1. For Arg277, are the conditions met, namely being under 30 Å from Pro211 (Cα atoms) and among the charged types (D, E, K, R)?
2. Could you tell me whether any residue of the stretch 256-263 is assigned to a helix (DSSP H, G or I), out of contact with any strand residue (DSSP E or B) (no Cβ under 8 Å at 6 or more places or on another chain) and surrounded by fewer than 15 Cβ atoms within 10 Å (Cβ to Cβ)?
3. Scan the stretch 167-182 and tell me whether some residue there is over 26 Å from Ile90 (Cα atoms) and crowded, with 16+ Cβ neighbours inside 10 Å.
4. Just one of (1) assigned by TED's automatic domain parsing to the domain that holds Ala241; (2) part of a loop (DSSP other than H, G, I, E, B); (3) closer than 17 Å to Ile254 by Cβ trips up Lys278, so point out which.
5. Among the residues of the stretch 251-297, count how many are more than 27 Å from the chain's Cα centre (by Cα) and not charged (D, E, K, R).
6. Is it true that some residue in the stretch 63-86 is among the small types (Gly, Ala, Ser), at pLDDT 85 or above and either assigned to a helix (DSSP H, G or I) or on the phi > 0 side of the Ramachandran plot (or both)?
7. Could you please find all residues in the stretch 153-183 being small (Gly, Ala, Ser) and at pLDDT below 90?
8. Can you tell me which condition Lys287 does not meet? The list is (1) touching a residue at least 24 places away in the same chain (Cβ under 8 Å); (2) assigned to a loop (DSSP other than H, G, I, E, B); (3) over 30 Å from Gly161 (Cβ atoms), and all the others hold.
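The values are calculated or read from the model by the stated rules, or taken from the named source; none is laboratory data. Since the model is a prediction, treat every value here as computed from it, not as a measurement. Cβ placement follows ideal geometry from the backbone for every residue including glycine, while neighbour counts extend to all protein chains displayed.
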Amino acid sequence: MTSKGDNMHGQTHLLKRGSRYYFRIRIPEDLRSFYKDQWELKESLRTSDKREAAYLCRLKAAAVADEFEQHRYQRDTAHGKISRRRVSKIDRAFLELFKNRWTWEVLANDDVRRRAGLDAEEFTELRAQANETQELLQRALGRGDVAVVGPALNGMLYLLGIELDVPEDDYKRLGYAFLQAATEANEFIRKRNAGEVIETERIVSQDRAYPLNPKASKRTGLLDLYDYWRTATQRPSKTEATYKASVTLFLDIIGDKPVNELRKADFVAFKDALVERKLHFKTVSNKLVQLKAILNYAVENDRLESNPASLVKVVAGGANP
């Protein structure tokens, strides 16, 4: 899944200052209003022993991940921004789709990370974290301790828009199946770390995974996504006006299409139209950056499947892709 900061996705949040260890995590931008606009949380683990610090850090990371998801759920349900799917039956088909969704999210996100490239330090940290996580998961699987994956499970339920209304035994079945999926998915990451070719679509394809919570409706336009971006946090009025002007210009040139129908070609056409109007390449580039920021925020907050403008660039004095 797209949640950053989860220790099952390769980040330890462990910081050493002098001889003491600290837990540190970046607060997602959309949640900073809950934390008096702080950008990170940092807390002493009160130990200088690395193994103890790693254990305490995992516990703290799980608790904070759960806290973040609770804030998102409270905020979005209060504003009617998410639709919930009530699930009252946990059968074999549901479990298989649910496990597949987690596996696909883990591998697909790992694909993005590796395509971007890892330096030696990042790779060493990734490999160590995957090994530590596998040891933790296998030990939990042996005991049937589903609490280890509780925060990740809650995050996946949130991502999928699922509201469970099932007996306790069914919830335990889901938790245990999810623990199995987490263990298997992390083992795939370890195999990739060892240089094995693990192709995501050969392991599991999206069409065999539980569908994501519906993103933008057919009525949602780019201006709606701008409003969602604008209300997420307090920004200077000049910044808001600049971004809105870029949205308005796009609508004037391309038209007010539903955002789930926008394609890369629309943003290429927008960029080409501005170039033809003899706008300076920096002006064109800035307008694309602003549109991408609005769309990225929608993607990060489960309002849009992907950003169709992400690969569109403007080049000074040359051919523009």
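1. Numbers: under 30 Å from Pro211 (Cα atoms): no; among the charged types (D, E, K, R): yes.
Judged against the criteria, Arg277 is not a match.
2. Step one: list which residues in the stretch 256-263 are assigned to a helix (DSSP H, G or I), which gives 259-261.
This time we only want the ones that are out of contact with any strand residue (DSSP E or B) (no Cβ under 8 Å at 6 or more places or on another chain), so: 260-261.
Pick out the ones that are also surrounded by fewer than 15 Cβ atoms within 10 Å (Cβ to Cβ) and you get 261.
Within the stretch 256-263, one or more residues are assigned to a helix (DSSP H, G or I), out of contact with any strand residue (DSSP E or B) (no Cβ under 8 Å at 6 or more places or on another chain) and surrounded by fewer than 15 Cβ atoms within 10 Å (Cβ to Cβ).
3. Here is the first cut: in the stretch 167-182, the residues over 26 Å from Ile90 (Cα atoms) are none.
There is no residue in the stretch 167-182 that is over 26 Å from Ile90 (Cα atoms) and crowded, with 16+ Cβ neighbours inside 10 Å.
4. Lys278 satisfies every listed condition except (3).
5. Of the residues in the stretch 251-297, 14 are more than 27 Å from the chain's Cα centre (by Cα) and not charged (D, E, K, R).
6. Taking the stretch 63-86 first, the residues among the small types (Gly, Ala, Ser) are 63, 65, 78, 80, 83.
Applying the additional criterion that residues be at pLDDT 85 or above yields none.
No, the stretch 63-86 has no match at all.
7. Looking only at the stretch 153-183, we keep the residues that are small (Gly, Ala, Ser), and these are 155, 161, 175, 177, 181-182.
The answer is Gly155, Gly161.
8. (2)
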